[in-house]
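As structure tokens, the structure follows; a few thoughts come after it.
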Amino acid sequence: MLRASLGRLPTSRVPFSVRRYASSSLNSSYKVVVIGGGPGGLSVSSTLSAILGKNNVAVVEPSDVHYYQPLWTFVGGGLKSFDQSKRRMEDVMPKEVDWIQKAAAGFEPSSNVVILADGQKISYDYLVVAAGIQVNWDGVKGLKEALGKDCVTSNYSADSVQRTWEFINNFKGGNAIFTMPSTPIKCAGAPQKIMYLAEEQFRKNGVRDNAQVIYNTGIGKIFGIDKYASTLSQICQERGITVNTTTELTEIRADRREAVFKKTGPNGSEEQVYDYDFLHVAPPMGAPDFIKKSPIADKAGWVDVDAATLQHTKYNNIFSLGDCSSCPTGKTAAAITSESQVVKQNLLSLMAGKELVAKYDGYTSCPLVTGKNKLILAEFSGYTATPQETFPVNQSAERASMYHLTSHVLPELYWSGLLKGIWHGPGFFRNILNPN
Ligand code: FAD
Ligand code: UQ1
């Protein structure tokens, strides 16, 4: 039941000027509560707090740091520094929001309440859930213990991404294995992007002739969209990279430098053991546990939203975007550029009692870096599995221009555009440059 109208003020307010909300005894209420201070949460809260004004929008976010995760491929590949991916959360948090620096632990959507990890309850008129995806480090036996040590690394962790470059650059030969799980993950291209950068570096370092570069993926093809998959397969063939599909990492035996894989699919379960001299792991991922066990989750644990309006299928004052939502598309920051606009427009329409007309079309993108100065800019709809390219060129080709766009322009669009709520993706430019 909605209690809100556009002009209503919250029933209680943060009674001081600091933006962190530290009280554990006071219950508080906001017009809009946003869960998560990643790109999804910050884009939406920037715009809404600018429109609704101070004390009306709260962001629940426990972390002190905000990472531009797409840069981690470049960090692991030795092309950017880790510090370039990092900002203090207080520097990116919109000025007009109340930042509640705690974790959300549950939802009581029938009473419009979010429960925080310390038991405190925050009530809302409207809720936006953008808490990201959960990386399940326990999903591979031995991974947690092995990570960041003795040639085992992952670009999916702030703690190990810098080791990736160290291990790549020190690699002397043998098996360099890159893994991709069968679960949904964020940026499904990232597990192979780092492989292309590593393979290039092995050549530069004169160790390529002694190396086997192997991509073991739990899914049935190298990439979900055929147009890009065929170029990627060709690149792997030309560069002598072995691609094994339906081959999923289950265990790391670090003491013996062995990686255990199982065959997935209908004839699955066969076990294969590989020796490794470098191992880059993309771990299994899934919906965050606190969402999964709550009433706002679908069967798989994602926030259950309408794929077009991004409104919850059952609770109409709840929206979700980004990696934790049920939208059947590639989970990327690029997807959030489009999703955020839809959430903002539809939320404001709902507040004004108007029909929800904004519709998300599944746009997502994966900048597949294949070397220093080479990149395939895959842009597509995850809903139709067809390309949705911005530029009037064949985007499945490797291009230096796309590398420079991704390396230099996209970070700026992210920090100064998406996080500030003013960059809603390339749709406008696509309609001019490459209309269909
Ligand atoms: P996140 O960015 O994960 O943010 C979620 C926020 O919620 C976090 O700040 C977290 O602290 C907070 N949170 C978590 N739990 C709670 C809780 N219980 N309560 C409150 N807050 C909580 N995308 C691209 O578009 N292009 C790329 O090239 C690209 N490359 C990538 C490469 C790598 C190696 C990685 C790791 C990711 C890449 N991505 C890329 C994916 C992109 O980073 C994510 O899709 C994007 O960050 C998702 O944004 P989000 O806001 O949904 O979630
Ligand atoms: C994008 O807008 C974006 O967010 C800033 C990304 O995240 C890093 C992307 O990866 C991509 C591809 C886009 C889309 C932008 C253009 C200009 C194609």
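Quick look at the values:
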read-out: Qualifying positions in the range 387-436 - of a type in the set (V, I, T) and more than 10 Å from ligand 2 (Cβ to nearest atom); value: V393, I422, I432
read-out: Check on K149, basic (K, R) and more than 25 Å from M351 (Cβ to Cβ); value: yes
read-out: The range 18-41, subset surrounded by fewer than 23 Cβ atoms within 10 Å (Cβ to Cβ) and hydrophobic (A, V, I, L, M, F, W, C), residue modelled with the highest pLDDT; value: A22
read-out: Pick from the range 240-264, criterion among the charged types (D, E, K, R) and open to solvent by 30 Å² or more (accessible area, probe 1.4 Å), ranking: nearest to P283 (Cα to Cα); value: E251
read-out: Selection status of Q162, within 11 Å of ligand 1 (Cβ to nearest atom), open to solvent by 20 Å² or more (accessible area, probe 1.4 Å) and of a type in the set (S, T, N, Q); value: no
read-out: Hey, Q311 surrounded by fewer than 20 Cβ atoms within 10 Å (Cβ to Cβ) and not β-branched (V, I, T) or not; value: no
read-out: Single residue of the range 144-159 satisfying the filter (open to solvent by less than 20 Å² (accessible area, probe 1.4 Å) and touching a Phe, Trp or Tyr at 6+ places or on another chain (Cβ under 6 Å)) that is farthest from ligand 1 (Cβ to nearest atom); value: T153
read-out: Scope the range 104-120; condition surrounded by 16 or more Cβ atoms within 10 Å (Cβ to Cβ) and within 14 Å of ligand 1 (Cβ to nearest atom); matching residues; value: A104, A105, G106, F107, V114, I115, L116, Q120
read-out: Per-region count, the range 307-347, residues of a type in the set (K, R) and under 15 Å from V34 (Cα atoms); value: 1
read-out: Tally, over the range 165-215, of residues that are open to solvent by 20 Å² or more (accessible area, probe 1.4 Å) and of a type in the set (V, I, T); value: 1
read-out: Strands (runs of 3 or more DSSP E) wholly inside the range 32-93 that include at least 1 residues being within 6 Å of ligand 1 (Cβ to nearest atom); value: 57-60
read-out: Residue ID - nearest to N205 (Cα to Cα), chosen from residues in the range 148-185 that are assigned to a loop (DSSP other than H, G, I, E, B) and among the charged types (D, E, K, R); value: K172
read-out: Flag for V44 being more than 29 Å from T153 (Cα to Cα) and either away from ligand 2 (no atom under 16 Å from the Cβ) or open to solvent by 20 Å² or more (accessible area, probe 1.4 Å) (or both); value: no
read-out: Residue, nearest to D304 (Cα to Cα), within the range 94-103, restricted to residues that are in contact with a Gly (Cβ under 8 Å, 6 or more places away or on another chain) and either part of a strand (DSSP E or B) or open to solvent by 20 Å² or more (accessible area, probe 1.4 Å) (or both); value: W99
read-out: Top-ranked residue in the range 323-349 [being away from ligand 1 (no atom under 12 Å from the Cβ) and within 26 Å of P284 (Cβ to Cβ); ranked as most open to solvent (accessible area, probe 1.4 Å)]; value: P328
read-out: Residues that are under 17 Å from W72 (Cα atoms) and either open to solvent by 30 Å² or more (accessible area, probe 1.4 Å) or β-branched (V, I, T) (or both), drawn from the range 377-429; value: H404, L405, T406, H408, V409, L410, E412, L413
read-out: D150 vs. criteria over 24 Å from the mean Cα position of the chain (by Cα) and closer than 30 Å to I168 by Cβ; value: yes
read-out: Cross-chain or 6+ apart pairs with Cβ under 7 Å, the range 376-403 first and of a type in the set (G, A, S), then modelled with pLDDT under 95 and open to solvent by 10 Å² or more (accessible area, probe 1.4 Å); value: none
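The values are calculated or read from the model by the stated rules, or taken from the named source; none is laboratory data. A quick note: this is a predicted structure, and the numbers were derived from the prediction, not measured. Heads up, the Cβs are rebuilt from the backbone with ideal geometry, glycines too, and the neighbour counts pull from every protein chain shown. When the accessible area is computed, the model is the full protein with side chains, heavy atoms only, and any ligands, DNA or RNA have been set aside. Shrake-Rupley method; radii C 1.70, N 1.55, O 1.52, S 1.80 Å.
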